[in-house]
Amino acid sequence: SIEMNKLSEEIGCTGSVWKGPNNYYGDGTLTTARDLAIIAKELYSHPLFRSIIEADTYTIPATNKSDPRELWQDNRMKYKANTDFYNPLHIGGKVGYSELGGGCFLSFAENKGMTVACIVMGCKPSEELYSSTSKLYDKVFNQYTRVYPLRGYTFDVDIEESVIIDNYFDRVEHSLPYYYVNEDLAINVDAGYDPADIKLNPVMYTKPAGSK
């Protein structure tokens with residue numbers, strides 16, 4: 001639990017107390033929807049985690065004591081046959097339950113290039129976690145759109161006069177480095193907002209004394 005609390009603080013959680021790696025380690029474990037969203041973001045950066053939650057089923061190979069066994073996700077939003085809760089935008093997630101908090105659900109969804117983490121807590125009856133999650137998906141994807149403001153952007157500067165290149169070229173026999181932008185940088189804006197209204201204002205640092 002010491003390591004759990006340390007890591008939790010390092011990634012930005014402010015309202016969580018962990019008594020162990022899960023909620024079966026005694027009373028006193030506390031968390032918030034905001035903290036779970038931060039944790040979800042960290043988890044989704046790991047390809048192995050994504051492959052696990054995205055899978056509908058997994059087959060455990062045969063062993064010397066058992067035939068192959070097929071496991072299914074305990075997540076009703078994953079299966080098209082479940083017309084009550086299936087959502088095509090849903091990627092995967094983890095269902096939970098506690099006597100105090102009711103039904104809880106940490107999940108992910110993707111639409112038009114935007115991936116979101118969604119947290120619902122305190123759902124009673126617990127089936128409400130699916131309908132509440134779908135409502136939140138709809139709200140986010142209808143209210144916001146993702147834009148890439150740096151795609152196609154070029155610097156309007158004389159690179160020969162650049163401080164960076166001056167310092168670099170003075171000391172190293174090298175070809176000139178060049179400016180570039182991260183065209184994959186994305187921001188979420190209100191739906192209907194004109195991306196052309198986003199103003200870009202590059203700031204070039206002035207040359208320091210002594211060319212340091």
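Name the trypsin sites (Lys or Arg not before Pro) in the range 70-101 that are in a loop by DSSP and that have at most 10 other C-beta atoms within 10 Å, would you?
K80
For I91, what residues show an amide H to amide H distance below 5 Å, using hydrogens built from the backbone and excluding near sequence neighbours?
HN-HN under 5 Å from I91: F108, A109, E110.
Taking the Cα centre of the range 1-131 as origin, work out the dipole magnitude from +1 charges on Lys and Arg Cβ and -1 charges on Asp and Glu Cβ, in debye rounded to 20.
Numbers: 13 positive and 16 negative charges, 37 e Å.
Taking the Cα centre of the range 1-131 as origin, the dipole is about 180 debye.
Would you mind calculating the relative contact order of the range 1-131 from Cα pairs under 8 angstrom and at least 6 residues apart, reporting the percent as a whole number?
Values: 198 pairs, mean separation 20.0, N = 131.
Answer for the range 1-131 is 15 percent.
What FRET efficiency comes out for V203 versus D138 if R0 is 30 angstrom and r is the Cβ-Cβ distance? Round to the nearest 0.05.
0.15
Values in this text are rule-based calculations from the coordinates and carry no lab data. All values derive from a computational prediction rather than experimental measurement. Backbone-built Cβ (ideal geometry, glycine too); neighbour counts: all protein chains shown.
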